[in-house]
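Following: one structure in structure tokens, then a few remarks.
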Amino acid sequence: MGPPSFRSNPPRPRYPLETTSASTVTSPPDPTRHWGLSDQTGRFALWAPAARTVTFRSRHRPDIALEPEGDGWFAGTPGPLPPGTRYALAIDGRTLPDPASRSQPDGPAGWSEVTDPGAFTWSDAAWQGRPWHETVLYELHLGTFTPAGTASAAIAHLDHLARLGVTVIELMPVNAFPGARNWGYDGVLPFAPHAGYGRPDDLKRFVDRAHALGLAVILDVVYNHFGPAENAIPDYAPAFFTARHETPWGGAIDFAQPAVRAFFLENALYWIEEFHLDGLRLDAVQAIFDDARPHILDAIAARIRAAAPDRHIHLTLENDGNEAHWLAPARYDAQWNDDYHHVMRVLLAGRVDGYYRDYATDPVARLGRALAEGFSYQGDAVSIHRPGLRRGTPSAHLPPTSFVNFLQNHDQVGNTPFGRRLAQLATPDALRLGLAITLLGPAIPMLFMGEEWAAAQPFDFFCDYPDDLADKVRTGRRAEFSHLPEFADPASLADLADPNAAATSRACVLHWAALARPPHAETLAYVTNLLAIRRRAIVPLLPLIAAGAGRYEPIGPAALLVTWTLTDARTLVLAANFADEPSPAPAPSGETLFTLGDASTGLAPWGAYLALTARLTAR
């Protein structure tokens, strides 16, 4: 999720927003009405409650006027149309793409293209996915993962991820966005893969090859807003948005409208069924508001799980509100744990400005709570960064696999002034310790692309907007960072990369040749070994770690002991020291699974151990 000043929803619609009261909008979507083209009948439907006329245009057939059918819907039967047919909509005389288009070869402002969902030949008939507890996530941006920036080019590196020990690839959003480049969170056509990443079948080929290598693939989807350019929905369907709620990017999407619910339910299921994806990650759900019941988040989870009951489908969330009630088997498997990231950034790199202020006091205990109980902020502490806010709900009753822990991700790298990675901000000793705790702890670990070899390339926020919007984004980014200590001299803001410049995105492209060179080769070997230990020694234990089994204890000014009791009475023990001096600690007993530094007489500077024992050695 990007900072508020970088992105916004389209301008507030010019028409009245509410067509019915929130208290009465509880009806489910009409199952007979689907957005866009129906492959079976050639029927086309569009919800355009503010439009007077809607015409279906094809370059191969005469225009067809779509007839109003009530409740804002227009429909007609222009097909079936052969794959490759270009078509568009004339809405009150303005030519626009299909908002549910499956392909936009000329970008989101161009004509849509008919696709054949059955044309691709899959080879993954036996694939049922992987159990969640086996998950090692790898977040990947197709446009900067390789120099070519395509799904086809990325296929060449899937063998690397399989050898590394990754089990689930998490693709950053791939749907169509304005311009040639974007970090992914400004999409405007949720069904159409960005044309610059290749044809839709190229993305299917990527998924098919991943499955052949034992890799699951999930997709990051943005259901909280649309990008700020080339989105025409507010003009012909202003009721798609509501003034009842506000997001950081403008008026909220109105999920209480049955047609809007149908749009996003269809989209969620589309990725699972047509692209054989193994799940979704929903971006910033704290900005998803729904006055209907069931809540759209519940509706999405229920729809997907009902449609694929025999597959391992994984649904995860980003939720700044730390709301534990969403994390349940029938709802969502896990949430990105920002608390873990933030406190680790304090401990490993000394960051104490901005929202890191909430973790600067007693960070060792805050990390212990995040490791043992999930959230550090569980509603019982007031935020310093956001005064008066008691953020979060209790989470100690959840298993560790309900949380995704990470040291880096697209947000935490891309929303920093220079897009620097942790390897440029922390010492090698601190980085090794952070990786060990993240990759060996019982929470689900995630790596950000290139992290496995400490890639030197930045990952900056980048886009490709028209000049007027580009200027606003550029100004907004500088304003966002102006309060940081490194910009005490306003002139230093000129050093920030221009998010709209092609050079900014080019600088983010991974350099794969670095894997074979020091010090990157050593980091890669270290991470590969950690993931081998996880696969061999940690994953089999995860089903034995019951909910609420974690405990933590600071054992010095900068040292920590965390334990997880297994259902067979054994205990998984983690001890770690975040200081340049040694720290007393109980000696590991039982089976030592991993050590960083000598742990026989305590913890070495930036040292750690992980052990499996029947009981702790008394101190």
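The values are calculated or read from the model by the stated rules, or taken from the named source; none is laboratory data. In this text, all values refer to a predicted model and were calculated from it rather than measured experimentally. A quick note on method: Cβ atoms are made from the backbone with ideal geometry, for glycine too, and the neighbour counts reach across all protein chains shown. Protein only, heavy atoms only, side chains kept; ligands, DNA and RNA dropped before computing areas. Shrake-Rupley method; radii C 1.70, N 1.55, O 1.52, S 1.80 Å.
Over the chain, Cα pairs under 8 Å with separation of 6+ residues give a relative contact order of 12 percent.
Would region 523-586 count as rounded, prolate or oblate if I go by the C-alpha gyration tensor, calling it rounded below 1.5 in a/c and otherwise prolate when a/b exceeds b/c, oblate otherwise? Verdict is oblate for region 523-586.
Taking a Cβ cut-off of under 13 Å around Ala330, the surrounding Lys, Arg, Asp and Glu residues balance to a net charge of +1, with basic ones at +1 and acidic ones at -1. Each part gets one Cα centre, and for region 301-346 versus region 359-393 those centres are 19 Å apart. Overall, the accessible surface of the chain at a probe of 1.4 angstrom is composed of carbon and sulfur to the extent of 55 percent. Which label marks the calculated value of volume of the Cα convex hull per residue in Å³, given the options (1) 205; (2) 152; (3) 188? Evaluating volume of the Cα convex hull per residue in Å³ on these atoms matches (2).
Surface listing: Lys204, Lys472 arranged by accessible area from highest to lowest gives Lys472, Lys204, probe 1.4 Å. Here Thr41 sits with roughly 80 square angstrom of accessible surface, probe radius 1.4 Å. Computed from Cα positions, the angle between helix 428-440 and the longest principal axis of the chain comes to roughly 70 degrees.
The relative contact order of region 120-173 comes to 48 percent, based on Cα pairs under 8 Å that sit 6 or more residues apart. Each Lys and Arg Cβ is given +1 and each Asp and Glu Cβ -1; about its Cα centre, the chain then shows a dipole of about 560 debye.
When both region 533-580 and region 71-119 are represented by their alpha-carbon centers, they are found 53 Å apart.
Suppose we flag chymotrypsin sites (Phe, Trp or Tyr not before Pro) only when DSSP calls them loop and at most 15 other Cβ atoms lie within 10 Å. Which is the longest uninterrupted stretch of the chain?
Working: sites that count: Trp122, Phe418.
Formally, the longest exposed-site-free interval is 123-417.
Structural descriptor for region 402-454: relative contact order 56 percent, calculated from alpha carbon pairs under 8 angstrom and at least 6 residues apart.
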